[in-house]
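The values are calculated or read from the model by the stated rules, or taken from the named source; none is laboratory data. Just so it is clear, the structure is predicted and the values come from calculations on it, not from any experiment. We place every Cβ from the backbone using ideal geometry, glycine too, and count neighbours over all the protein chains shown.
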Amino acid sequence: MFTGLVTDVGTVRKAEHRNGLTRFEVESGYPLAEIAMGASILHSGVCLTVVDKGEGARGAWFAVEAVPETLSKTILGGWQQGTRVNLEQSLKLGEELGGHFVFGHVDGVGEIVSVAPEGQSFRVTIRPPAAIARYFATKGSAAVDGVSLTVAAALPNGDFQVAIIPHTWEVTTLSALQAGTKVNLEIDMLARYVARMIGADAPKGAE
């Protein structure tokens with residue numbers, strides 16, 4: 001379980017294929033003592049398990065593995081050496097929940113339509129896959145590359161917009177967004193359950 005509040009931006013230092021898995025080594029600012037083997041860490045919206053670790057140039061490096069399904073359904077398939085990654089360690093009981101509940105299960109890959117400055121902030125328009133467009137509601141929550149954001153507007157064509165404050169823009173990878181960029185999207189769990197309760201996501205042909 002995560003909050004969508006990024007605590008570090010890591011860098012992929014190695015990506016290699018091993019027996020059907022892809023292993024990523026990520027350089028981070030986390031102290032080595034704070035990274036446990038088997039721990040869950042959110043990587044730009046994807047929950048991955050630590051399988052190796054060591055001292056790094058600015059803290060610690062750690063390794064995670066992704067299966068082909070994860071690579072094909074997220075932006076991880078395009079990661080390579082030098083890719084910057086939003087990181088968040090799992091939420092501990094008793095810690096402040098400052099964002100919203102994020103599970104690290106990507107629902108789809110969206111595409112940035114536009115990035116427009118609004119004073120010191122930025123309004124970003126995102127096009128989600130058609131199958132999940134209905135889950136984004138004005139004033140609702142969404143995780144974009146693992147960052148908890150409030151939906152500023154849900155547009156009639158299925159696109160949605162988020163307004164990003166300068167701090168979030170500066171301390172995450174969102175500052176690199178531009179038209180055409182692909183992003184991991186996770187819908188708000190509340191929206192998912194409401195849709196199930198009213199039958200909006202029932203399989204075709206179901207009574």
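Applying the criterion of being among the β-branched types (Val, Ile, Thr) and touching a helix residue (DSSP H, G or I) at 6+ places or on another chain (Cβ under 8 Å) to the residues of the range 164-194, the residue that is nearest to Val6 (Cα to Cα) is Thr168. Condition (residue is of a type in the set (A, V, I, L, M) and over 16 Å from Leu21 (Cβ atoms)) applied to the range 45-56: is it met by at least one residue? No, the range 45-56 has no match at all. There is no residue in the range 126-138 that is buried (at least 19 other Cβ atoms within 10 Å of the Cβ) and within 27 Å of Arg13 (Cβ to Cβ).
For Arg123, the test of being of a type in the set (D, E, K, R), at pLDDT below 95 and farther than 30 Å from Leu32 by Cβ is failed.
When Gly82 is tested against the conditions (1) on the phi < 0 side of the Ramachandran plot; (2) surrounded by fewer than 16 Cβ atoms within 10 Å (Cβ to Cβ), the lone failure is (1). Does Thr11 fit the bill of being assigned to a strand (DSSP E or B), farther than 17 Å from Val67 by Cβ and out of contact with any helix residue (DSSP H, G or I) (no Cβ under 6 Å at 6 or more places or on another chain)? When the stated conditions are applied, Thr11 passes them.
Here Thr7 does not fit the description of being within 20 Å of Val183 (Cα to Cα), at pLDDT below 95 and of a type in the set (Val, Ile, Thr). Of all residues in the range 152-163, those satisfying the criterion of being surrounded by fewer than 23 Cβ atoms within 10 Å (Cβ to Cβ) and either hydrophobic (A, V, I, L, M, F, W, C) or touching a helix residue (DSSP H, G or I) at 6+ places or on another chain (Cβ under 6 Å) (or both) are Ala152, Ala153, Ala154, Leu155, Gly158, Val162, Ala163. On the given criteria, is Gly77 buried (at least 21 other Cβ atoms within 10 Å of the Cβ), closer than 16 Å to Gly108 by Cα, under 18 Å from the mean Cα position of the chain (by Cα) and of a type in the set (Gly, Ala, Ser)? Considered against the rule, which asks whether it is buried (at least 21 other Cβ atoms within 10 Å of the Cβ), closer than 16 Å to Gly108 by Cα, under 18 Å from the mean Cα position of the chain (by Cα) and of a type in the set (Gly, Ala, Ser), Gly77 comes out as no.
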